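The values are calculated or read from the model by the stated rules, or taken from the named source; none is laboratory data. Treat the numbers as computed from the prediction; the structure is a model and nothing was measured. Glycine gets a Cβ as well: all are built from the backbone with ideal geometry, and neighbour counts include every protein chain shown.
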Amino acid sequence: MEVLNQEIGERFAAYNADCVEFSQSLPDNSIDFTVYSPPFSNIYTYSDSERDMGNVEDDAAFFENYRYMVREKLRITRPGRLTAIHVKDIPYHQGSSERGDSGLRPFSDLCTQVHREEGWSFHCRITIWRDPVLERGKTNAHGLLRKTRRADASFCRVGMPEYLMIYRKWATEETAHMVKPISNPNYPTELWQQEASPVWDGETIWNYRLGQSGKGDYDLRATEVLNVKAAKDEEAIKHLCPMPLNVTRRALTLWSAPDDVVFSPFMGIGSEGWESLRAGRRFIGTELKGSYYDTAVVNLREAAAAGEGPDIFADSSAMESTA
Ligand SMILES: C[S@@+](CC[C@H](N)C(=O)[O-])C[C@H]1O[C@@H](n2cnc3c(N)ncnc32)[C@H](O)[C@@H]1O
């Protein structure tokens, strides 16, 4: 296996390497939770490496490669545990369509299909609310324009949310003894109402600093991501699409336990690792692109030095009084 660089800390290990090749070296059933954003098919090519999963012609070629990661992920995941992937569907335009139509490539559904084909069970889908007004401002999408609404509403569409797709590896009779329940004895009932919402938005997503509900923080991506600027490469920064920290944090606190080993095969600048360490988990990450890997290491060192943030379940009465 080709590892171009590596950094091993007390509670994290980061590798500048291909995620599939690296995963093949991990033991069976050794990872407690996997959370990441994969490259969104061929939307952006991160590097000219043929191992870059974004460096493909179309969805079929993307899924042919990504399938290997999904397969390895099942093998290395502890029975009874989950994987959470952050994705969105992809609009296409008349100019790029063979049929001369426009519409959406159902990327989130294709991810579910490949996970199910590789042996995962579809556990749930969370919709992450995104502001259609901001989207219209950024993309000028025909389906979101007021003039489209006036001229021919049959072309109107709704804004594009993001999704957190959750899949589960079920235990078998032979592996049942490896199941490790995620129990939270101090769990405040009030949180359930927020966590169980199928839509996470600025109103419902909570912040682990007690009492800061995140209210009004609608554009979660703009306000709660790691500082990408340190990654130097301007073009690459524009397209990185860092995983929102608050979404990652909620997923981690829901579906992993303290000291669990969390893996991100596509760690970028280290967002999932940052949140894992701050939540008292251990972290393993792989990233192919050298400049992102370097930034991830800086971020992981910083998170490790800062140590664990406050336990969100430690004082449920404080949560109740500030909720
Ligand atoms: C959507 S970005 C992930 C961003 C990350 N969640 C963050 O917050 O920084 C996808 C990442 O996958 C990386 N990548 C693509 N193919 C890869 C491969 N075969 N092995 C490891 N990383 C890969 C890209 O370089 C890119 O950084």
Checklist entry - Before we move on, is residue 186 assigned to a helix (DSSP H, G or I), modelled with pLDDT of 60 or more and over 21 Å from residue 81 (Cβ atoms)? => result no
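Here's the yes/no breakdown for (1) of a type in the set (S, T, N, Q); (2) closer than 22 Å to residue 41 by Cα; (3) at pLDDT below 95; (4) buried (at least 17 other Cβ atoms within 10 Å of the Cβ):
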residue: 102; (1), (2), (3), (4): yes, yes, yes, yes
residue: 107; (1), (2), (3), (4): no, yes, no, yes
residue: 111; (1), (2), (3), (4): no, yes, no, yes
residue: 117; (1), (2), (3), (4): no, yes, no, no
residue: 122; (1), (2), (3), (4): no, yes, no, no
residue: 134; (1), (2), (3), (4): no, no, yes, no
residue: 141; (1), (2), (3), (4): no, yes, yes, yes
Of (1) within 13 Å of the ligand (Cβ to nearest atom); (2) at pLDDT below 95; (3) over 26 Å from residue 252 (Cα atoms), residue 96 satisfies every one except (1)
Has the stretch 115-132 got at least one residue that is within 15 Å of the ligand (Cβ to nearest atom) and under 30 Å from residue 176 (Cα atoms)? no
Within the stretch 27-38, residues being within 7 Å of the ligand (Cβ to nearest atom) and either among the hydroxyl-bearing types (Ser, Thr, Tyr) or under 16 Å from residue 291 (Cβ atoms) (or both) number 2
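Restricting attention to the stretch 17-26, which residues are touching a helix residue (DSSP H, G or I) at 6+ places or on another chain (Cβ under 8 Å) and more than 9 Å from the ligand (Cβ to nearest atom)?
So the first thing to find is which residues in the stretch 17-26 are touching a helix residue (DSSP H, G or I) at 6+ places or on another chain (Cβ under 8 Å), and the list is 19-20, 23-24, 26.
Matches in the stretch 17-26: 23, 24, 26.
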Of the candidates 9, 54, the one satisfying the condition of being near the ligand (Cβ under 9 Å from one of its atoms) and either modelled with pLDDT under 95 or touching an Asp or Glu at 6+ places or on another chain (Cβ under 8 Å) (or both) is 54
